[in-house]
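Below is one structure, written out as structure tokens, with a few remarks after it.
The values are calculated or read from the model by the stated rules, or taken from the named source; none is laboratory data. Because the structure is a prediction, the values reported are computed rather than measured. Backbone-built Cβ (ideal geometry, glycine too); neighbour counts: all protein chains shown.
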Amino acid sequence: MQPIEFLNLAHKLIDSADEAELRTAISRAYYYVYHSIKNDLVGSDTNLTHDVMINCIQEANINGNKVAEFEELGQTIRDLKTDRIFADYKINKSLSQETCHTMIKRCETAVEDFKECKRLGIIDAARNYLRQYKYI
């Protein structure tokens with residue numbers, strides 16, 4: 001299975017009027033982000049908690065200087081995780097379809113931003129963080 005399949009499912013569910021399906025769409029979109037980035041960082045067979053992945057992105061540095069793009073991306077992913085937790089656990093609070101569309105778009109943008117960081121060659125800063133703290 002590929003991470004994009006989570007996003008594809010989210011898109012199928014997002015036009016539903018059923019709140020459970022909307023919540024599931026948000027959750028699946030978040031896991032698209034998590035698995036896409038984790039797989040690029042360490043591969044699909046390596047366990048990496050959500051918080052460790054987020055921290056390695058936020059704390060990545062080159063020559064002692066934090067990478068601004070990664071700091072922003074790390075915060076975005078942390079916010080998306082909070083959205084996923086809201087969708088999965090705060091079932092007493094309503095969730096609009098418009099909000100779900102926005103959250104899914106933010107997930108797509110996060111993966112695009114990560115791919116841009118990878119293209120720029122700064123992904124090694126995150127891997128170095130993981131090596132430094134012996135996660136890989």
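What the table below lists for this structure:
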read-out: Check on THR46, among the β-branched types (Val, Ile, Thr) and assigned to a helix (DSSP H, G or I); value: no
read-out: Residue list for the range 38-52, restricted to those being modelled with pLDDT under 95 and under 11 Å from ARG127 (Cα atoms); value: ASP40, LEU41, VAL42
read-out: Any hit, the range 31-39, residues being among the hydrophobic types (A, V, I, L, M, F, W, C), within 16 Å of ASP83 (Cα to Cα), surrounded by 13 or more Cβ atoms within 10 Å (Cβ to Cβ) and in contact with a Pro (Cβ under 9 Å, 6 or more places away or on another chain); value: yes
read-out: ARG28 vs. criteria basic (Lys, Arg) and either under 18 Å from LEU130 (Cβ atoms) or touching a residue at least 24 places away in the same chain (Cβ under 8 Å) (or both); value: no
read-out: In the range 3-23, residue surrounded by the fewest Cβ atoms within 10 Å (Cβ to Cβ) [restricted to those that are in contact with a helix residue (DSSP H, G or I) (Cβ under 6 Å, 6 or more places away or on another chain) and part of a helix (DSSP H, G or I)]; value: GLU21
read-out: Set ILE136, ILE122, ILE77: member being β-branched (Val, Ile, Thr) and either farther than 18 Å from ILE54 by Cβ or under 17 Å from the mean Cα position of the chain (by Cα) (or both); value: ILE77
read-out: Residue check, PHE114 farther than 21 Å from GLN2 by Cβ, part of a helix (DSSP H, G or I) and not charged (D, E, K, R); value: no
read-out: Set SER27, SER96, SER44, SER36: member being over 21 Å from ILE4 (Cα atoms) and small (Gly, Ala, Ser); value: SER96
read-out: Filtered residue count, the range 60-71, keeping only those that are assigned to a helix (DSSP H, G or I) and either crowded, with 21+ Cβ neighbours inside 10 Å or modelled with pLDDT under 90 (or both); value: 3
read-out: Criterion violated by CYS56 - all others in (1) within 21 Å of CYS100 (Cα to Cα); (2) buried (at least 22 other Cβ atoms within 10 Å of the Cβ) satisfied; value: (1)
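One line per residue, one yes/no per condition, for (1) surrounded by 17 or more Cβ atoms within 10 Å (Cβ to Cβ); (2) in contact with a Ser or Thr (Cβ under 9 Å, 6 or more places away or on another chain); (3) within 16 Å of ILE37 (Cα to Cα):
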{"position": "CYS100", "(1), (2), (3)": "yes, no, no"}
{"position": "ARG106", "(1), (2), (3)": "yes, yes, yes"}
{"position": "THR109", "(1), (2), (3)": "no, yes, yes"}
{"position": "GLU112", "(1), (2), (3)": "no, no, yes"}
{"position": "GLU116", "(1), (2), (3)": "no, no, yes"}
{"position": "ASP124", "(1), (2), (3)": "no, no, yes"}
{"position": "ARG127", "(1), (2), (3)": "no, no, yes"}
{"position": "ARG131", "(1), (2), (3)": "no, no, no"}
{"position": "LYS134", "(1), (2), (3)": "no, no, no"}
